[in-house]
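Trainee: Okay, handing you the structure first.
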Amino acid sequence: MLTMGAALLRANIARFAASFTILFWLAYGCWALGSYAYIAVKIWERFPKFVLGFAATFLIVLLIGLRSSTSGLASLNAAMDQANVFRQLFFVLTFFCIGLMADLRVLWQEGIGRLAAVYVVSLFGFVIWAGLLISWIFFSGLKPPIAG
């Protein structure tokens, strides 16, 4: 049976492997079609660079964790708990800034405003309620952890 940390590490590695595989085959397909350089430049221009920072931080902490002793892992775990506050803060700030940069007036002028309105209505009318129902089905018997 895996510990929670090992299970999360395994899930992160699986996500990275899937993302890398998708990007590899996308790049290979573009190269095979002959427009590799143009597509690669466009992908790099549009690629959110903060993802590279997340991946580098993950790899650094992984290497430190793999080379540490049991007592070192305890201090690393305490440090990661403290760093989790900053991780959440910067995650929220990232998407807040993306939202600030979105110019919804342009979408409305292009006629995509109705599409955005449908998205908002479907989000609040269905998606949130379906997510709450699924969460209630899977987690209704669990008690929350006690802080302290």
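The values are calculated or read from the model by the stated rules, or taken from the named source; none is laboratory data. These numbers come from a predicted model, not from an experiment. Don't worry about glycine lacking a Cβ; one is built from the backbone with ideal geometry, like all the others, and counts go over all protein chains shown.
Trainee: Would a scan of the range 121-128 turn up a residue that is farther than 21 Å from Phe16 by Cβ and in the same structural domain as Arg10 (by TED's automatic domain parsing)?
Mentor: No, the range 121-128 contains no residue that is farther than 21 Å from Phe16 by Cβ and in the same structural domain as Arg10 (by TED's automatic domain parsing).
Trainee: Within the range 98-114, how many residues turn out to be exposed (fewer than 10 other Cβ atoms within 10 Å of the Cβ) and either touching a strand residue (DSSP E or B) at 6+ places or on another chain (Cβ under 9 Å) or assigned to a helix (DSSP H, G or I) (or both)?
Mentor: The number of residues fulfilling the criteria is 5.
Trainee: If you go through the range 36-45 one residue at a time, do you hit one that is in the same structural domain as Thr94 (by TED's automatic domain parsing), in contact with a helix residue (DSSP H, G or I) (Cβ under 9 Å, 6 or more places away or on another chain), among the aromatic types (Phe, Trp, Tyr) and surrounded by fewer than 11 Cβ atoms within 10 Å (Cβ to Cβ)?
Mentor: Yes: the range 36-45 contains one or more residues that are in the same structural domain as Thr94 (by TED's automatic domain parsing), in contact with a helix residue (DSSP H, G or I) (Cβ under 9 Å, 6 or more places away or on another chain), among the aromatic types (Phe, Trp, Tyr) and surrounded by fewer than 11 Cβ atoms within 10 Å (Cβ to Cβ).
Trainee: Which is over 22 Å from Phe58 (Cβ atoms) and at pLDDT 80 or above, of Ile134, Ile146? Steps first, please.
Mentor: Working: Ile146 fails: at pLDDT 80 or above.
It is Ile134.
Trainee: Further, regarding this structure: Test each condition in (1) on the phi > 0 side of the Ramachandran plot; (2) surrounded by 12 or more Cβ atoms within 10 Å (Cβ to Cβ) for Leu62 and report the one that comes out false.
Mentor: (1) is the only condition that Leu62 fails.
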